[in-house]
Amino acid sequence: TSAGKQGGDDLKMNDDAEELNVGKGDPTPLDYLKDPNYGSYDVNLTVSLQPSNTQKTTKVCQSNLKHMYWSSVQQLVHHSVTGCPMRAGDLLASGTISGKEQHNFGSMLELSWKGNREIILDGAEGSKEVRKFLKDGDAVIMEGCCRKEGIGRVGFGQCSARILPAIPFPYEVEEKIVKAATATQPTPKFTNFKLYGFWRSSCTWRVRIALAAKEIPYEIVPIDLFSKEQMIDDYTAKNHMQQVPTLEFNDETDTIVRITQSLAIIEFLD
């Protein structure tokens, strides 16, 4: 499919991506992750910051996808080896991509070296601003493209977002606001909550934290992915995708309701 219009020499990813494949993994991965066709892609990546008081942007990072140790194929294998049935259309994120040089560092923690270095940004009316970590109002702008002589350019467009102020914690606001927030908790019409999950699953813990924050009593039902308990017929009947977590409860008519996927569960709890 087309990577999107970025100029007259844009290419189609499915036609030309293999021409940009580079490198081998070092050190050698474990046996189940060894890939005879291992390689990454030469994708130039940049991150710029824009303070809230100006339209000017400052490039703070210039990295490359080829710095990744794990290829996309290896990430897929590693993610699914515990029993997660990945499907076409699922979205995987690489995480931080950092190179060896300071300007290749892919996070503010690395760029500021845990707050020991100052990052200078262009501010309003020719002024300069100092950052060690992001501030409210800062915009983060990420861009990526492939370019190679004789092949052309594959553009991936721009991804940007602005940091908004956090919602105040209850102890920082007036009592009447605390009471209003408490009133938004789920009503008792839903009962007998059970959470089917795996103790090493970050998705399971995400839901457990949400349940605790909402002060909702629930029973934890362990599903051991190492023993492939998610494939047992009894659990498959509850979650056809054979994934964790699954939240089960009774509604106001005493009908059993089940919700899967951690984000969907948290959205329901909200």
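The values are calculated or read from the model by the stated rules, or taken from the named source; none is laboratory data. Nothing here was measured: the structure is a model prediction, and the numbers come from that model. Every residue, glycine among them, receives a Cβ derived from its backbone with ideal geometry; neighbour counts consider all protein chains shown. All accessible areas refer to the heavy atoms of the entire protein, side chains included, with ligands and DNA or RNA removed. Shrake-Rupley method; radii C 1.70, N 1.55, O 1.52, S 1.80 Å.
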Neighbours by Cβ (under 6 Å, 6+ apart or cross-chain): first from segment 150-177, aromatic (Phe, Trp, Tyr); second assigned to a strand (DSSP E or B) and modelled with pLDDT under 80: none
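Would a scan of segment 86-108 turn up a residue that is over 30 Å from residue 30 (Cα atoms), open to solvent by 60 Å² or more (accessible area, probe 1.4 Å) and either at pLDDT 85 or above or aliphatic (A, V, I, L, M) (or both)? It would help to see each step written out before you state the result.
The first filter runs over segment 86-108 and keeps only residues over 30 Å from residue 30 (Cα atoms), leaving 103, 108.
If we keep only those that are open to solvent by 60 Å² or more (accessible area, probe 1.4 Å) as well, we get 103.
Retained after the next criterion (residues that are either at pLDDT 85 or above or aliphatic (A, V, I, L, M) (or both)): 103.
The answer is yes; a qualifying residue exists.
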Residue in segment 246-264 that is of a type in the set (A, V, I, L, M), at pLDDT 90 or above and part of a helix (DSSP H, G or I) present: no
Residues satisfying the stated conditions in segment 48-82, i.e. open to solvent by 90 Å² or more (accessible area, probe 1.4 Å) and either closer than 30 Å to residue 225 by Cα or part of a loop (DSSP other than H, G, I, E, B) (or both): 55, 56, 70, 78
Conditions (1) exposed (fewer than 11 other Cβ atoms within 10 Å of the Cβ); (2) assigned to a strand (DSSP E or B); (3) acidic (Asp, Glu): number failed by residue 129: (1)
Number of positions in segment 217-270 that are closer than 26 Å to residue 88 by Cβ, open to solvent by less than 70 Å² (accessible area, probe 1.4 Å), of a type outside the set (S, T, N, Q) and in contact (Cβ under 8 Å) with a residue 60 or more places away in the chain: 3
